[in-house]
Amino acid sequence: MNRAKEILKKYYGYDSFRPLQEKAIESLIKGDSSVVLMPTGGGKSVIFQVAAIVREGLGVVISPLIALMKDQVEGLKSNGIAAEFINSSQTASDQNRVIQDILSGKVKLLYISPEKLLTRDIYYLLKDIKVALFAIDEAHCISAWGHDFRPEYTKLSGLIDSFKEVPVVALTATADRITRDDIVKQLNLKNPEMFIDSFDRPNLSLNVMPAKNRLNAILDFINLRPGKSGIIYCLSRKQTEKLAESLNNNGIVASFYHAGLSASERSKVQTNFITDRVPIICATIAFGMGIDKSNVRWVIHYNLPKNIENYYQEIGRAGRDGMPADTLLFYNFQDVILLRSFISEGAQQEIMNNKLDRMQQYADSLVCRRRILLNYFNEPYDKNCGNCDVCKNPPKQFDGTVIAQKALSAITRLREQEATGMVIDVLRGSHRSDVLNKGYNSIKTFGVGKDISAFDWKHYIMQMVNTGLVDIAYDRDNALQLTELSTDVLYSRKKVMMVHPAEFGDIIADRKENAKPKSKSKQLTEELFEELRILRRELAVAKGIAPYMLFSDATLTDMAAKRPVTPLEMKDIEGVSEAKYHTYGSYFLDGICKFVNQKLKDGKNIKGGTYIETWNLYQLGLSPEEISKKRKLNLITIYSHIAHLYEKGYNIDVYRYVSNDEIEKIREAVNVCGDNKLKDIYIHLNEEVSYEKIRLSLSFLKKSNNGNNQN
Ligand code: ADP
Ligand code: ZN
């Protein structure tokens, strides 16, 4: 495991494994097979990659996503890991080159499609060499229960069987239990260890809003998150086009994506999105499969999804890098009706209707939404998450008995023949021709609900449907009808609690009103993040790769917060591997130095700025005495700056200020009296060596003891 940790630092730039990663890697290194269930962004790839590097031989990664293989392999190579892929998108000569490299032991990780893996050539190739492990990515593809069944996957167990000594790890982000069990069965793994992570994605905020003025709400939402990447899922192709157009008309760059576009158009939209050229995509659910982009910062559902599985998968495309991301669902009565009508035309109607019920319950929830989601996936969760709209802004209930009675009475008088729209028109006393033609203006409840807006009425009726007070006859043009519970309410035997629509958590208003003024240091961090993001984009464009592959948002955030200005500090940043440091480190160091210096010039107080000011003067050739005069600081302070800079890896020549002899004397003194008190050392050396020299020598000794006495 020590070697695994070294690898993690060297090739990925991370300091520690996540708890389950560590266990799974340990088990693979030992040679055991396992199944890993982790949500998207949980860090599955690191598991088989690191284990394969530690073990002897070639790590074989089976993946159905040919479109992603190239990116994944490029990503590994950019971190200095010898990876290759074999799939049908390659020319024969490319494939032969890879095979030659494998035979000569140059390749550590091979990504391969199941079709290719199951060919004789590859079988004999693998028999010829040593295989470190098999990793079956997207392992749910093996199950006919899964949403993404690939028949080739079912043949993998035969192959695995013929490599008895090689450990197998099957990985998936699929949360449902039937699929999980099926993976183990189909792969025929003998007592695999099961590593099951929580499927919670705590970095995703969950928000639901009534679908009122959606465009304005979306514009507000986006304007609060300028430049951030996001996806808006719509139910229809037409809607994606319309919405993208409206956004563009409002000065927001957005494209649309749906299955009706040609393959080349689709791939263009996808590339523009991945490379941050177009930050926002309005899409049908066709969009997202096989997109690995880690810095999607938000997902909006313009319409209600048809089940929680889809919903969770779609919001899961946000925040894969673990950084905060927002999700917003618009909840709308018409969508429910439309979805029900789709269901009534398809197969498995009962199951589909039940699933839609659960989706609706989620949208209507008065308790923490994460609780509903996780319990849906059989993961017990009984806290309040604190990161959903219900937790942040608990809806207040009120006695809605009279409202319910008015609605029920209108439904009765309309002889349970009319759908929501007409019921509301009657309640509100509309003089629409349809209402008048049918003579509804003469019934007793006409106009009794004038004081409530049509929008609010819709909401109340929806709540009544959800609590079983009203039923929708989907087979009779969605007419509203009474239920067994209705009569109790009509005859005042039962009180009805309702929630006011305006009190549904509204993350847009919430943010606007509660926005606290940001602290100075937070402002600086955000400003620097933006500059680094631009730099990342420029470098990525020049390299022809996606910005998030160069450095993740998490890495940029760490950089913006810590503001490294020396190589040592830069290498300490989360996600800066050695290879990436060599390729990009100096660009980012320069960018940060420029930023910090500009701030200092502007007279801003910036953390660590005082050291940098000393460093700037040092570089101009000023002596410590001159710096001390210029900066009006004590000489010993300047020496302690120089010592600090030296420790942080700045290129400082200590011998300019203290001789080798003096350093040796101080070393001996430290052995006697420790390095805590300058004064003790000073006295021990008969007051012959100045405090300044002692201060600097201590840094020198500390650094050479740490064994990283290099710049
Ligand atoms: P998955 O394949 O499970 O969706 P990834 O392997 O793509 O997840 O990892 C998600 C993100 O988390 C990536 O940006 C990855 O670099 C990062 N990551 C993985 N392991 C660690 C770790 N131990 N420490 C910090 N970041 C990590
Ligand atoms: Zn919550």
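Descriptive notes on the structure:
- Selection within the range 243-259: residues that are touching a Cys at 6+ places or on another chain (Cβ under 8 Å) and not in a helix (DSSP H, G or I). The member of this set that is most open to solvent (accessible area, probe 1.4 Å) is F256.
- Residue that is farthest from G421 (Cα to Cα) [pool: residues in the range 310-360 that are acidic (D, E) and either within 16 Å of ligand 1 (Cβ to nearest atom) or in a strand (DSSP E or B) (or both)]: D321
- The residue pairs whose first member lies in the range 233-249 and is over 27 Å from F342 (Cα atoms), whose second member is open to solvent by less than 30 Å² (accessible area, probe 1.4 Å) and not in a loop (DSSP other than H, G, I, E, B), and whose beta carbons are closer than 8 Å, counting only pairs six or more residues apart or on different chains, are L247/I218; L247/L219; L247/I222; L247/A254; L247/I280; L247/C282; N248/A254.
- Residue that is surrounded by the most Cβ atoms within 10 Å (Cβ to Cβ), among those in the range 376-387 that are away from ligand 2 (no atom under 12 Å from the Cβ) and of a type outside the set (S, T, Y): F377
- Test: R201 is open to solvent by less than 30 Å² (accessible area, probe 1.4 Å) and basic (K, R): yes
- Unique match (being touching a helix residue (DSSP H, G or I) at 6+ places or on another chain (Cβ under 9 Å) and at pLDDT below 90) among D553, D477, D456: D456
- Any hit, the range 425-438, residues being free of Cβ contacts under 8 Å to residues at least 40 places away in the same chain and within 16 Å of ligand 2 (Cβ to nearest atom): no
- Scanning the range 155-164 for residues that are open to solvent by 40 Å² or more (accessible area, probe 1.4 Å) and in contact with a helix residue (DSSP H, G or I) (Cβ under 6 Å, 6 or more places away or on another chain) yields no hits at all.
- Among the residues of the range 285-343, the ones that are within 16 Å of ligand 2 (Cβ to nearest atom) and over 30 Å from A554 (Cα atoms) come to 0 in all.
- None of S45, S16 is of a type in the set (G, A, S), within 11 Å of ligand 1 (Cβ to nearest atom) and within 20 Å of K77 (Cα to Cα) except S45.
- First in the range 573-584 and closer than 13 Å to I7 by Cα and in a loop (DSSP other than H, G, I, E, B), second anywhere and away from ligand 2 (no atom under 16 Å from the Cβ) and among the β-branched types (V, I, T), Cβ under 6 Å, 6 or more apart: G575/T555
- Scanning the range 164-178 for residues that are closer than 18 Å to T154 by Cα and at pLDDT below 80 yields a count of 2.
- Residue in the range 16-30 that is assigned to a helix (DSSP H, G or I), open to solvent by less than 60 Å² (accessible area, probe 1.4 Å) and of a type in the set (S, T, Y) present: yes
- Contact map, the range 312-326: first residue touching a residue at least 24 places away in the same chain (Cβ under 8 Å) and surrounded by fewer than 22 Cβ atoms within 10 Å (Cβ to Cβ), second residue β-branched (V, I, T) and in a helix (DSSP H, G or I), Cβ cut-off under 8 Å, separation 6 or more or different chains; pairs are M323/T557.
- Unique residue being away from ligand 2 (no atom under 16 Å from the Cβ) and closer than 30 Å to I291 by Cα when the list is G346, G400: G346
The values are calculated or read from the model by the stated rules, or taken from the named source; none is laboratory data. Here the structure is a predicted model, which means the values were calculated and not measured. Neighbour counts run over all protein chains shown; Cβ positions are idealised from the backbone, glycine included. Each accessible area value is taken on the protein alone, full model and side chains, heavy atoms only, with ligands, DNA and RNA left out. Shrake-Rupley method; radii C 1.70, N 1.55, O 1.52, S 1.80 Å.
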